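The values are calculated or read from the model by the stated rules, or taken from the named source; none is laboratory data. Everything quoted here is computed from the prediction, not taken from an experiment. Neighbour counts run over all protein chains shown; Cβ positions are idealised from the backbone, glycine included. In case anyone asks, the SASA skips ligands and DNA or RNA and just uses the protein heavy atoms, side chains included. Shrake-Rupley method; radii C 1.70, N 1.55, O 1.52, S 1.80 Å.
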Amino acid sequence: MLELDCLLEFDSSRDEEFFSSLRPHPAVCLIEAKDPSALPFFIRTQDLRRRLQRLLGRSEPASKRLNLRDFAKNVRYRLTASRFEQSFVYYQQAKQLFPRRYKNLLRLRPPALLKINLRNAYPRCYATRRISLDATGQPAGGIYYGPFASRKTADAFAEGVLDLFKVRRCQIKIRRDPTYPGCIYSEMKMCLAPCFAGCSKAEYDIEVGRLAAFLETRGDSLRNEFEADRNRASESLDFEKAALLHKKLEKLDDALRGQPGLPRRLQDLNAVIFQRGGGEQSVAVYELRSGRIAEPFALSFATLAGEPRSAEQLLRQQLEAQRDLPPADLSEHLWLVARWFYSNPREGEIFFKENGWPYRRMTRACARLLAPPSPPASDQG
């Protein structure tokens, strides 16, 4: 856990000295009460000195602004170098300090995901915010894909994807009744219609497997299937079938065009997030392993300048060490990642582990993070 590593005692008779010792820097701060039975006051701020001057400074008698001058005993805080670090520290500390109400403090809402519910005999794909976990803390009962920016985004992406498959979209209980009238999707041949025994259980399972493979490969499995079929049709001079498959590929491209960069099958959501670090010429590295955030480690380029090891070697050493992750709520960590990823503007960079880690691109990202901001362009009259 990232601790509040700075402690200052507040003495109202020496407040000028107290305020001058604070840095005008983003921070997470806990104001502890003189009364042991009182709850502390917990905040995050973009300017620690200015915020505490407002809360602990002398107040005017007519002012209605909150003032904690007579309340405060100590101030614990941690300076943060990025918005992501501030969110992560605030989440960890709030969960420890206020286990019953931290979700309200953070306005925490589980992120939107797509789920293929494999516990149903005839699975369907739908948007949800709930993740079922097994005894080891891994997603259970189906395949989860996400996170998305919102449920609306997840529904829109699912709508485009399901047009490529014949998996049911209804929420009825499947009884395989030949007298059942079916729905518009079965009439349009866009569903295998297990409701009135329009397919066998094995045929439906194959179609669900194709959908699952599509999500696991981010569309590559279906693209490869269509391209192979199109090439075979062209070689056999069946140009009508080849043209139909080409239209299917265009439809696939349209569906994938609305796919955000973050969503993955949760077990495959392995990435590294780079943020500006608190030390001189340093970068904070947050590993994302199956959707859970590991404790960050720092790359100090000021220190590396005098060592034989390179930044790439240190990255390899850290990311291939297979460190154990402490127990963490998967849904809450996904919320933290999604909140950062879909923010605008987004600070920092993220790299996904596909076939391996892109170490060269990672080291170039460190250089970009440490580069001084470019000066604003001046008007040329």
For Leu52, are the conditions met, namely being surrounded by 16 or more Cβ atoms within 10 Å (Cβ to Cβ), out of contact with any Lys or Arg (no Cβ under 7 Å at 6 or more places or on another chain) and not β-branched (Val, Ile, Thr)?
yes
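Quick one: which of Leu315, Leu299 is at pLDDT below 95, farther than 27 Å from Ala154 by Cβ and assigned to a helix (DSSP H, G or I)?
Numbers: Leu299 fails: assigned to a helix (DSSP H, G or I).
Within the list Leu315, Leu299, the selection yields Leu315.
Pick out the one residue from Ala284, Ala255 that is open to solvent by less than 30 Å² (accessible area, probe 1.4 Å) and not in a strand (DSSP E or B). Give the derivation first.
Working: Ala284 fails: not in a strand (DSSP E or B).
The conditions single out Ala255.
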Criterion: touching a residue at least 24 places away in the same chain (Cβ under 8 Å) and open to solvent by 70 Å² or more (accessible area, probe 1.4 Å) - qualifying residue of Arg309, Arg316, Arg346:
Arg316
Please name all residue pairs, on different chains or six or more residues apart, with Cβ atoms under 8 Å, provided the first residue is in the stretch 204-232 and is free of Cβ contacts under 8 Å to residues at least 60 places away in the same chain and the second residue is assigned to a helix (DSSP H, G or I) and of a type in the set (S, T, N, Q).
Arg210/Ser221; Ala213/Ser221; Phe214/Ser221
Can you find even one residue in the stretch 328-340 that is in contact (Cβ under 8 Å) with a residue 12 or more places away in the chain, small (Gly, Ala, Ser) and at positive phi?
no
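Could you pull out the residue among Ala72, Ala38, Ala62 that is small (Gly, Ala, Ser) and in contact (Cβ under 8 Å) with a residue 40 or more places away in the chain?
Details: Ala38 fails: in contact (Cβ under 8 Å) with a residue 40 or more places away in the chain; Ala62 fails: in contact (Cβ under 8 Å) with a residue 40 or more places away in the chain.
Going through Ala72, Ala38, Ala62 in turn, just one is small (Gly, Ala, Ser) and in contact (Cβ under 8 Å) with a residue 40 or more places away in the chain: Ala72.
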Identity of the residue in the stretch 258-281, more than 15 Å from the chain's Cα centre (by Cα) and loosely packed, with under 13 Cβ neighbours inside 10 Å, that ends up modelled with the lowest pLDDT
Gly258
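Give Pro123, Pro110 a once-over and let me know the one that is within 17 Å of the chain's Cα centre (by Cα), touching a residue at least 60 places away in the same chain (Cβ under 8 Å) and assigned to a loop (DSSP other than H, G, I, E, B). Let's see the steps before the verdict.
Values: Pro123 fails: within 17 Å of the chain's Cα centre (by Cα).
Selected residue: Pro110, the only one of Pro123, Pro110 that is within 17 Å of the chain's Cα centre (by Cα), touching a residue at least 60 places away in the same chain (Cβ under 8 Å) and assigned to a loop (DSSP other than H, G, I, E, B).
May I ask you to list the residues in the stretch 258-273 that are charged (D, E, K, R) and either more than 24 Å from Ala228 (Cβ to Cβ) or assigned to a helix (DSSP H, G or I) (or both)? Steps first, please.
Filtering the stretch 258-273 for residues charged (D, E, K, R) gives 264-265, 268.
Residues satisfying the conditions are Arg264, Asp268.
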Can you pull out every residue in the stretch 287-306 that is open to solvent by less than 10 Å² (accessible area, probe 1.4 Å) and not aliphatic (A, V, I, L, M)?
Gly291
Flagged in the stretch 177-197 as loosely packed, with under 11 Cβ neighbours inside 10 Å and either outside any loop (DSSP other than H, G, I, E, B) or without any contact (Cβ under 8 Å) to a residue 12 or more places away in the chain (or both), in numbering order, are Ile184, Met188
Residues within the stretch 328-345 that are assigned to a loop (DSSP other than H, G, I, E, B) and either modelled with pLDDT of 95 or more or closer than 21 Å to Leu105 by Cβ (or both), tallied
4
In the stretch 198-241, which residues are open to solvent by less than 60 Å² (accessible area, probe 1.4 Å), farther than 15 Å from Leu164 by Cβ and part of a loop (DSSP other than H, G, I, E, B)?
Gly198, Cys199, Ser200
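Any residue in the stretch 46-53 that is outside any helix (DSSP H, G or I) and under 38 Å from the mean Cα position of the chain (by Cα)? Steps first, please.
Pass one, the stretch 46-53, residues outside any helix (DSSP H, G or I): 46-47.
If we keep only those that are under 38 Å from the mean Cα position of the chain (by Cα) as well, we get 46-47.
Yes, the stretch 46-53 contains a residue that is outside any helix (DSSP H, G or I) and under 38 Å from the mean Cα position of the chain (by Cα).
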